[in-house]
Amino acid sequence: MDGGVVQRPRYPLSSRELGLACMVILGFAVGFFGVYMTMPPSDYSFLKMPRSLEDIQILRDNLEGYTSDYTLQVLVGYCMVYIFMQTFMIPGTVFMSLLAGSLFGVFKGVVLVVFAATAGASSCFFLSKLIGRPIVFSLWPDRLNFFQAQVAKRRERLLNYMLFLRVTPTLPNTFINFASPIVDIPYHTFFLATVIGLIPAAYVTVRAGIALGDLQSVKDLYDFQSIATLFFIGVVSITPTLMGKKES
């Protein structure tokens, strides 16, 4: 990197990098198969990655009975799906958060979502560290250079800035997960900001999952009050950075 600008990497991926990515996918496949084999014989045609509120309602209706009798399998399967979606930047984790609230309630649901989201974000972070540079540059070149410049200006209080990004919808979480190792954000900072910063949004979404039948669209999750609250928390988190700049 030179002058805060991310340099264009070589492309495409090498055979070694493709092999590593295939090994990660194979590991998930083995894990999913193991969970499937421990479940009782039944018709599992309802199982699929959620794309809509209707998909979540179908999953909720079918999984409620399994959750009490096969709690461990449901938890492991849920976490694996969530982590898989986060690792490979597959849209739909908001529906998984709704499902957590619907199946497990607010407290357990928030703990489950924060755990799975942090694990998935970490998995995406390390996968990007291995093979992500050419991918993130081809997908988001301008956004990546902007992110690099902002990180460079806030090195001394990077945790506060990362908390601000996690709490507010300033940058997509998928981009943050994938781009963070490329712009040299230390993992411990990334981890802490993820664990703490995801709690407010997870609470909003999980709580909405309890009243899943009342939701008409995903937009109903984030009304003006919820968005304003998240931005307020974000501003509070970045205040030390702003005060530090003023003092300097």
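The values are calculated or read from the model by the stated rules, or taken from the named source; none is laboratory data. Values in this document were obtained by computation on a predicted structure and should not be read as measured data. Backbone-built Cβ (ideal geometry, glycine too); neighbour counts: all protein chains shown.
Key figures
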read-out: Yes/no for Ile227 being more than 22 Å from Gly120 (Cα to Cα) and either at pLDDT below 90 or crowded, with 17+ Cβ neighbours inside 10 Å (or both); value: yes
read-out: Residues of the stretch 149-176 that turn out to be assigned to a helix (DSSP H, G or I), within 18 Å of Phe191 (Cα to Cα) and more than 19 Å from the chain's Cα centre (by Cα), as a count; value: 5
read-out: Ala201 of a type in the set (A, V, I, L, M, F, W, C) and touching a Cys at 6+ places or on another chain (Cβ under 7 Å); value: no
read-out: Selection status of Arg133, basic (Lys, Arg), touching a residue at least 24 places away in the same chain (Cβ under 8 Å), crowded, with 22+ Cβ neighbours inside 10 Å and part of a helix (DSSP H, G or I); value: yes
read-out: Residue identified as of a type in the set (A, V, I, L, M), closer than 30 Å to Pro181 by Cβ and surrounded by 18 or more Cβ atoms within 10 Å (Cβ to Cβ) among Leu59, Leu99; value: Leu99
read-out: Top-ranked residue of the stretch 36-56 - restricted to ones that are touching a residue at least 24 places away in the same chain (Cβ under 8 Å) and not in a helix (DSSP H, G or I), ranked as surrounded by the most Cβ atoms within 10 Å (Cβ to Cβ); value: Pro50
read-out: Selection status of Gly120, closer than 15 Å to Ile199 by Cβ and part of a helix (DSSP H, G or I); value: no
read-out: Within the stretch 161-172, considering residues that are in contact with a helix residue (DSSP H, G or I) (Cβ under 7 Å, 6 or more places away or on another chain) and either crowded, with 20+ Cβ neighbours inside 10 Å or within 15 Å of Ile90 (Cα to Cα) (or both), the one modelled with the lowest pLDDT; value: Thr168
read-out: Residue match in the stretch 68-87 (condition: touching a residue at least 12 places away in the same chain (Cβ under 8 Å), closer than 13 Å to Ala202 by Cβ, surrounded by fewer than 19 Cβ atoms within 10 Å (Cβ to Cβ) and hydrophobic (A, V, I, L, M, F, W, C)); value: no
read-out: Subset of the stretch 26-35 [free of Cβ contacts under 8 Å to residues at least 40 places away in the same chain and touching a helix residue (DSSP H, G or I) at 6+ places or on another chain (Cβ under 9 Å)]; value: Gly34
read-out: Check on Cys22, more than 17 Å from Leu198 (Cα to Cα) and assigned to a helix (DSSP H, G or I); value: yes
